[in-house]
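Let me begin by presenting the structure, written as structure tokens, before commenting on it.
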Amino acid sequence: MKATIEARSLRAALSAAKHCYDPKSSLPILGCFVIEAGKGGKIRLLATDWESSLAYPLAGSVEAEGKAAIPAKFLFDLVKTIPAKDNAGIGIETGEPKKQVIDGAITTHAKFAVNGCEMECEAMDAEDFPEAHAVKPKSVEVIFSAAALREAINLALVSIPDRDPRKCLLG
């Protein structure tokens, strides 16, 4: 994979994904975000913690397709090094996946370049990343009159107290 991602776009994606990964999981892949550079120049950041999933589109350009699971902590630290107002392009390039002799894990080497600095990390094989469950929205149309809505609201208002010392129940 070889791509360039806009820093502002990656910063927004990480902000959205920060609650959607599990750094303390017994599965190390859940502590990673997948960066996927696909056909048509589309780049996405994928995150999951088994309970929730996120696929966030990233602005940038793709030179070679591919994907890699990058440790989330590395990406957070990378974004911290870029000034907030700077929308520099973050270059990412990964090598061919190779099997580690010690633990049998398949990893790849990822290089990042931003503002003349280069950083490297070991990335995990994105094929091990759990696939997000697709949610197929169902279209439901509800039609009722304004008078019926007014009556339903009035009935619900009866159950809401004006004053209650237990604020936690009122929200």
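The values are calculated or read from the model by the stated rules, or taken from the named source; none is laboratory data. What you are looking at is a predicted structure, and each value in this text was computed from that prediction instead of being measured. Cβ atoms come from the backbone with ideal geometry, glycine included; neighbour counts cover every protein chain shown. Side chains are part of the model used for accessible areas, which takes the heavy atoms of the whole protein and leaves out ligands, DNA and RNA. Shrake-Rupley method; radii C 1.70, N 1.55, O 1.52, S 1.80 Å.
For the chain, what does the relative contact order come out to in percent, with C-alpha contacts under 8 Å and a separation of six or more?
About 21 percent, as a whole number.
Find the accessible area per residue for region 1-90; the probe is 1.4 Å, ligands and nucleic acids are left out, and the unit is Å².
Ligands and nucleic acids excluded, the figure is 51 Å² per residue.
Among G95, A84, T108, whose Cα lies farthest out toward the positive end of the dipole of region 64-123, if unit charges sit on the beta carbon of Lys, Arg (+1) and Asp, Glu (-1)?
A84
Under the rule a/c < 1.5 gives rounded, and otherwise a/b versus b/c splits prolate from oblate, where does region 3-63 land using the Cα gyration tensor? Could the numbers behind the result be given before it?
Values: a/c = 2.47, a/b = 1.90, b/c = 1.30.
Verdict is prolate for region 3-63.
List the trypsin sites (Lys or Arg not before Pro) within region 4-65 that fall in a DSSP loop (any state other than H, G, I, E or B) and whose Cβ has at most 10 other Cβ atoms within 10 Å.
K24
What is the distance, in nm, between label points placed 7 Å from the Cα along the Cα-to-Cβ direction at K18 and at E51?
1.8
Describe numerically, in nm with one decimal, the distance between label points set 7 Å from Cα along Cα→Cβ at F144 and at D86.
5.6
So, with a 1.4 angstrom probe, what is the percent of accessible area on the chain that is carbon and sulfur?
Answer for the chain: carbon and sulfur cover 56 percent of the accessible area.
At 0.890 mPa s and 25 °C, plugging the Kirkwood radius over alpha-carbon pairs of the chain into Stokes-Einstein gives what diffusion coefficient in µm²/s? Numbers along the way, then the final one.
On the way: Rh = 18.9 Å.
Using the Kirkwood radius from Cα pairs, D works out to 130 µm²/s.
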